[in-house]
Every structure is written in structure tokens, then in C-alpha cells.
Amino acid sequence: MKGGDPDERRTHARAPIELKVEYRRLNTFFADYTKNISRGGTFIATDRPLPVGTEFVFALGVPTLAEPMRLSGKVMWTVLPEEASRANPAGMGIEFVYQNDEERREKEAVVEQLLTRELGEHLATKLLGRPPHA
């Protein structure tokens, strides 16, 4: 694993969820899936992880939104295909990057709503450490 132990680097609890993620690297278009998400980031399962430190924009398909949510992220760690296992699949740990506090609040609110819808208010509260915002 490149970039260190992901469990030690997380600042927000993650919830298992599968959402389609689309992004472009140079002239290549990728469509992969998240495996989990938190207010601070996500894990994208892929056999083609981007290098640690890469910043990129991706579209996250959220079923309740008419358009995919566009997010900026930075690759914090990777699991290469040759290092992957069933418990630790190939992919990349992404930290969300925001332009300002307003964008952070807006995107975090969408993630909170997603967690609440997918997991229920009780589990969302446990993951967030407080009741989700309405």
C-alpha cells in the first residue's frame, strides 16, 4: 500500500456505499465505483489508481440528485492490484478538496443526507458523532 495505513489517516468515520464515479486522466475516461464514503473523503475501487498526491475532479452519481455531484479530490493512498486482497481491494483513498468553507458545507450536507438515506438516522448519527442536519 502506498501512502500509509488508511485506517490511521482517516479523520471521519466511513460508511459502506457503492456509487458510480466518473473522472478523466489525460485523454482517458474512467468509470469506477466508491466502496465507502465519509464527510471528508471516499475510496474509489479501481485497478488503475492515480498516483498519490494527484488532484482531480470527479463526478459522483448520487441517486437522489438529478445531476452527478462534482467534487475535487486528492489521492492520499493507493492499493495497487498486485497488493490487493478481498479485504483490501485495489483502489485509491481520496480526500475531498474544497475551494472555500461554503463549498465544504454544501458538499458535506449532501454526503450527510446520503448517509442518512442509505443507513438510517441512527447509524448516520453514530458515524457523524452527532445527529445529521435536516
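The values are calculated or read from the model by the stated rules, or taken from the named source; none is laboratory data. For clarity, every value in this text was computed on a predicted model and none was experimentally measured. Here Cβ is always computed from backbone atoms with ideal geometry, including for glycine, and neighbour counts include all displayed protein chains.
Key figures for this structure:
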item	result
Residue identified as small (G, A, S) and without any contact (Cβ under 8 Å) to a residue 12 or more places away in the chain among A90, A31, A59	A31
Those residues of the range 94-134 which are among the charged types (D, E, K, R) and under 24 Å from A59 (Cβ atoms), in sequence order	E95, D101, E102, E103, R104, R105, E106, K107, E108, E112, R117, E118
The range 39-57 - residue that is closer than 26 Å to Q113 by Cα and either at pLDDT below 90 or not hydrophobic (A, V, I, L, M, F, W, C) (or both) and, of those, surrounded by the fewest Cβ atoms within 10 Å (Cβ to Cβ)	E55
From the options V75, V52, V62, V57, residue that is farther than 20 Å from K20 by Cβ, under 17 Å from the mean Cα position of the chain (by Cα) and β-branched (V, I, T)	V52
Inter-residue pairs, beta-carbon under 8 Å, first under 24 Å from Y98 (Cα atoms) and in the range 109-134, second surrounded by 19 or more Cβ atoms within 10 Å (Cβ to Cβ) and of a type in the set (S, T, Y), 6+ apart	V111/S38; A124/T116; L127/S38; P132/T116
Selected residue (only one of V75, V79, V110 is touching a strand residue (DSSP E or B) at 6+ places or on another chain (Cβ under 9 Å) and surrounded by fewer than 18 Cβ atoms within 10 Å (Cβ to Cβ))	V110
